[in-house]
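Participant: Right, I'll just put the structure down here and ask away after.
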Amino acid sequence: MPSYYPPVGFHFRVDFGGFPSEGADIRFQSVTGINASVPNSKSYAEGGENRFSHRLPERATYENLILKRGMLVGSQLIGWFKDAVESFKFSPKLVTVTLLNSSHVPLEQWVFYNAWPTKWNIDGFDAEKSGVVIEAVEFSYQYFERKEIITTPDL
């Protein structure tokens, strides 16, 4: 019987609805902000019940999705980022983050609905360091769904 090994967090891809799903635009250094919570609840006092109040959950909240990569010159996504941030023209897209196994087969997906860029950041330049220029894009979205992809495990 094969042992289970948790998936690695460094093998993933990011796809954007309306943009090609191949090439450098799907490659990112890191993805953060895949978080959802139900932080608030409302108390409801029931008539005749004096021992407690019912606590009912309110809406889920989602953190912004943050993608980082080495700065890509000539990227099709850059036009979308610039339109949103510089021209205030928003065109929400479907963003899909897919975790891959060692054979490049999808394991799980997180689908972010109606995502739009809210922040675009270029790390500073430093003549004393020999690193690449990193750009980060932050997205707001309505909600996300986690979708498990049923596959046969690697043996």
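Every number here is computed from the coordinates shown, using simple stated rules; none is lab data. Keep in mind it's a predicted model, so treat the numbers as computed, not measured. Every residue, glycine as well, gets a Cβ built from its backbone with ideal geometry; the counts of neighbours run over all protein chains shown.
Participant: Once fully extended, how much extra length lies between residue 123 and residue 148, figured as 0.36 nm per residue of separation less the alpha-carbon to alpha-carbon distance?
Facilitator: Taking 0.36 nm per residue and subtracting the Cα distance, the gain is 5.6 nm.
Participant: Let me ask another. Ranking request for peptides 141-148, 32-39: highest mean number of other beta-carbon atoms within 10 Å first, then the rest in descending order.
Facilitator: Going by the mean number of other Cβ atoms within 10 Å, highest first, we get 141-148, 32-39.
Participant: Still on this structure: Return the distance in nm (one decimal) between the two label points of a simple spin-label model at residue 101 and residue 49, each offset 7 Å from Cα along Cα→Cβ.
Facilitator: 4.6
Participant: Show me, for segment 4-9, the HN-Hα J-couplings you get by feeding each phi into the Karplus relation (A = 6.51, B = -1.76, C = 1.60, θ = phi - 60°), rounded to Hz, glycine and proline as x.
Facilitator: Karplus-based 3J(HN,Hα) across segment 4-9 equals 8, 10, x, x, 7, x Hz.
Participant: Next up: Which ³J(HN,Hα) values in Hz, rounded to whole numbers, follow from the phi angles of segment 114-120 under the Karplus curve 6.51 cos²θ - 1.76 cosθ + 1.60, where θ = phi - 60° and Gly and Pro get x?
Facilitator: The phi angles translate into 6, 7, 9, x, 10, 7, 10 Hz.
Participant: What lysines does residue 147 reach when the alpha-carbon gap must be under 20 Å and sequence neighbours fewer than 8 apart in one chain are set aside?
Facilitator: Once the sequence-local lysines are set aside, what remains near residue 147 is 93.
Participant: Return the calculated 222 nm mean residue ellipticity for the chain, to the nearest 500 deg cm²/dmol, obtained by summing -39500 (n - 2.57) across DSSP H runs with n ≥ 4 and dividing by the residue count.
Facilitator: -2000 deg cm²/dmol
Participant: A further question on this structure: Projecting each Cα onto the charge dipole of segment 12-148 (Lys/Arg +1, Asp/Glu -1 at the beta carbon, about the Cα centre), which of 106, 72, 21 comes out farthest on the positive side?
Facilitator: 106
Participant: What size of dipole, in debye to the nearest 20, comes out for the chain about its Cα centre when the only charges are +1 on Lys and Arg C-beta atoms and -1 on Asp and Glu C-beta atoms?
Facilitator: So the magnitude is around 240 debye.
Participant: Something else about it: In terms of the Cα gyration tensor, with a ≥ b ≥ c the square roots of its eigenvalues, is the chain rounded because a/c is under 1.5, prolate because a/b exceeds b/c, or oblate?
Facilitator: Verdict is oblate for the chain.
Participant: I've got another one for you. Name the residues of segment 3-23 whose amide N is less than 18 Å from a point 7 angstrom out from the Cα of residue 34 along the C-beta direction?
Facilitator: Correct set: 5-17.
Participant: Using alpha carbons only, how many degrees (0 to 90, rounded to 10) separate the axis of helix 76-85 from the longest principal axis of the chain?
Facilitator: Roughly 50 degrees between the two axes.
Participant: Pull up all non-local amide H partners of residue 119: gap of 5 or more, or a different chain, and H-to-H distance under 5 Å with H placed in the peptide plane.
Facilitator: Result for residue 119 returns 138.
Participant: Determine ³J(HN,Hα), in whole Hz, for all residues of segment 55-69 in sequence, where each value follows from phi through the Karplus function 6.51 cos²θ - 1.76 cosθ + 1.60 and θ = phi - 60°; x replaces Gly and Pro.
Facilitator: Once rounded to whole Hz, the list reads 10, 10, x, 9, 5, 6, 10, 10, 6, 5, 8, 10, 10, 10, 7.
Participant: Then there is this: Out of segment 1-57, which chymotrypsin sites (Phe, Trp or Tyr not before Pro) are coil in DSSP terms and have no more than 10 other C-beta atoms within 10 Å?
Facilitator: Here the sparse-neighbourhood loop sites are 4, 10, 52.
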